[in-house]
Every structure is written in structure tokens, then in C-alpha cells.
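Undergrad: Attaching a single structure in C-alpha cells format; questions to follow.
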């Protein structure tokens, strides 16, 4: 069984919330019966909310689409657009000698988020818990949680940039069992 | 979006009156709660009982408010969080940063 659907997203906040509801309803009605629907829906709401927020915050006047793929064991969500390439902290280009390395995107007393640069066009995101001491400084706590929330909710979270077409794809994979 | 539930000698108990705490209302929330703190100069106990979901922007606003209140040696305490929101806090470890209780009644004296 493979169920797929594409949702075109405009960058207005009102339509984002309508889209979120439509996407979640579509997924809920197509999940396998014996998966932990409550847990899956919680993670998906977190992931999709943050993907849509990213589209609002970085619109670039381009059309964004969310593609949903559901099979017996996984759900995958791809967010695509033809806007500006994702390149925080000037991760790209990669030094010639290295085939893949990690860059820290954010770090506070609680968590760190990293981008593993697998190739010039493909990034994997991951997060780690930091060792929290009792006397941590509140001013060391970050106020931006979007990438962290997706990294922690998903089983895999990646970014691909197609140089030829200019297509950007943030992709999230979640196991259903 | 915020209403006063009760004012005591040491604290201001507030209700957040929205079901979706998100990007759209995060800045308004921050401005409103800081204004209430500036006016009353007491620690704030905020009930999220009506809130069904909270996104990263609103979480950032909560952290910013906590930082502001702590800088004045005060505090922001959260009560009435739904299960999904507690799970979100635990997932990104904000349960280590905020004091969280089930309700206003559960607060220590």
C-alpha cells in the first residue's frame, strides 16, 4: 500500500493553518490501523507545524509544496520549494579534502543541533542532549526550536538541493512501528 | 489574549486564552505578559489549560519572558499543560527550565 498526496502551500499564515488541518486529517485517515496513532499524530503535528512555519519565515515569494507518502511502515513528508538554498553558517562549499563532516547549527545548555554535510547537495540533521548542570545560566537557553523539534520528532531529517533545477527539499521520515 | 485569574500578595495568576499558541500570536503574548509584569511586579503563574498546541515561536516567547522575569529576580511558572504540550517540553528538555504544575491548586504555598 502506498498513499501519496501533494499539498500546495501559500505563504499566508491563515492558509498555513487550514493546510495543517487538511494534511493532518489526510494522514490520520490513511495510517495503518495498528500503529500508535496518538504518538504518530503528536510527532507529525510538531513536524508539519515547524515545516510550515519555516515556509512563512523564509518565503522568498515562491510556492511551497508538501508531499506526503505513506506505506505500511513509514511516512515521509517532503517540503519543496524553488527559493533560496539552505546554507546557514555558510556550510557550503565543503573543503576539498573532506567527504563529509558535521557542523554545529545551534548549541545551548540543553541541546545541540548539527548538520552532517554528506555531499555538497545533501545534508542530514541530528541533535544531541547536552549535559545540563544544576547551575546553568538561563541566558544560555536558546529561543529558536524549529530545527530541534523536527530533528527530535523524526527518525530521519534531511535536506537536498538540486543544483540543476534549484529545487530545495526538506525531507522527514517517521517509522510507523 | 491573557486574563487575570487572581492576584495574591506575591503572585499574579493568569490565563492564556487561546487554543493555538503559535507564530501568529507569539509577539503579542510576549508584549502583553511583560506589560502585566511591569505593572504588577510579581511572579507570574500562567495557566495554559486552554492551549491545545504550542509551536517553536511561542516556546521561544515563553523562554524570552522567563529570561526577562528572572532578570528582575522574579519567575514565570506554568500550570495546566495538556499532555501533548508536556511531551513537547520534555522532548526539547524545557521541562528542566520551567517549573510546571498541574493546576493553580497544585502550587506549593
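Undergrad: Please enumerate the residues belonging to segment B:37-56 that are in a helix (DSSP H, G or I), surrounded by fewer than 16 Cβ atoms within 10 Å (Cβ to Cβ) and in contact with a strand residue (DSSP E or B) (Cβ under 7 Å, 6 or more places away or on another chain). Walk me through it before giving the result.
TA: Going residue by residue through segment B:37-56, those that are in a helix (DSSP H, G or I) are B:37-40, B:56.
Next, from what is left, pick out any that are surrounded by fewer than 16 Cβ atoms within 10 Å (Cβ to Cβ): B:38-40.
Scanning segment B:37-56 gives a single hit, B:40.
Undergrad: In the set B:79, B:51, B:63, which member is within 12 Å of chain A (Cβ to nearest Cβ) and either within 12 Å of the chain's Cα centre (by Cα) or on the phi < 0 side of the Ramachandran plot (or both)?
TA: Numbers: B:79 fails: within 12 Å of chain A (Cβ to nearest Cβ); B:51 fails: within 12 Å of chain A (Cβ to nearest Cβ).
None of the other options fit; the residue is B:63.
Undergrad: On to the next question. Hey, residue A:166 hits all of (1) more than 9 Å from chain B (Cβ to nearest Cβ); (2) more than 18 Å from the chain's Cα centre (by Cα); (3) surrounded by fewer than 18 Cβ atoms within 10 Å (Cβ to Cβ); (4) free of Cβ contacts under 8 Å to residues at least 60 places away in the same chain but one; which does it fall short on?
TA: It fails just one condition, (4).
Undergrad: Now, a different point. Could we say that residue B:59 is within 26 Å of residue A:48 (Cα to Cα), in contact (Cβ under 8 Å) with a residue 12 or more places away in the chain and part of a helix (DSSP H, G or I) here? I'd like the intermediate steps shown before the answer.
TA: Numbers: within 26 Å of residue A:48 (Cα to Cα): yes; in contact (Cβ under 8 Å) with a residue 12 or more places away in the chain: yes; part of a helix (DSSP H, G or I): yes.
It is true that residue B:59 is within 26 Å of residue A:48 (Cα to Cα), in contact (Cβ under 8 Å) with a residue 12 or more places away in the chain and part of a helix (DSSP H, G or I).
Undergrad: Can you tell me how many residues in segment B:62-95 are free of Cβ contacts under 8 Å to residues at least 12 places away in the same chain, closer than 17 Å to residue B:11 by Cα and not in a helix (DSSP H, G or I)?
TA: Total meeting the criteria: 1.
Undergrad: On to the next question. Sort through A:68, A:172, A:103 and tell me the only one that's touching a helix residue (DSSP H, G or I) at 6+ places or on another chain (Cβ under 8 Å), away from every other protein chain (no Cβ under 14 Å) and surrounded by fewer than 17 Cβ atoms within 10 Å (Cβ to Cβ). Give the derivation first.
TA: Values: A:68 fails: surrounded by fewer than 17 Cβ atoms within 10 Å (Cβ to Cβ); A:172 fails: surrounded by fewer than 17 Cβ atoms within 10 Å (Cβ to Cβ).
Just one listed residue meets the conditions, A:103.
Throughout, read-outs are computed from the coordinates displayed, never taken from laboratory work. Here the structure is a predicted model, which is why all the values come from computation and not from measurement. Cβ sites come from the backbone with ideal geometry, for glycine too, and all protein chains shown count toward neighbours.
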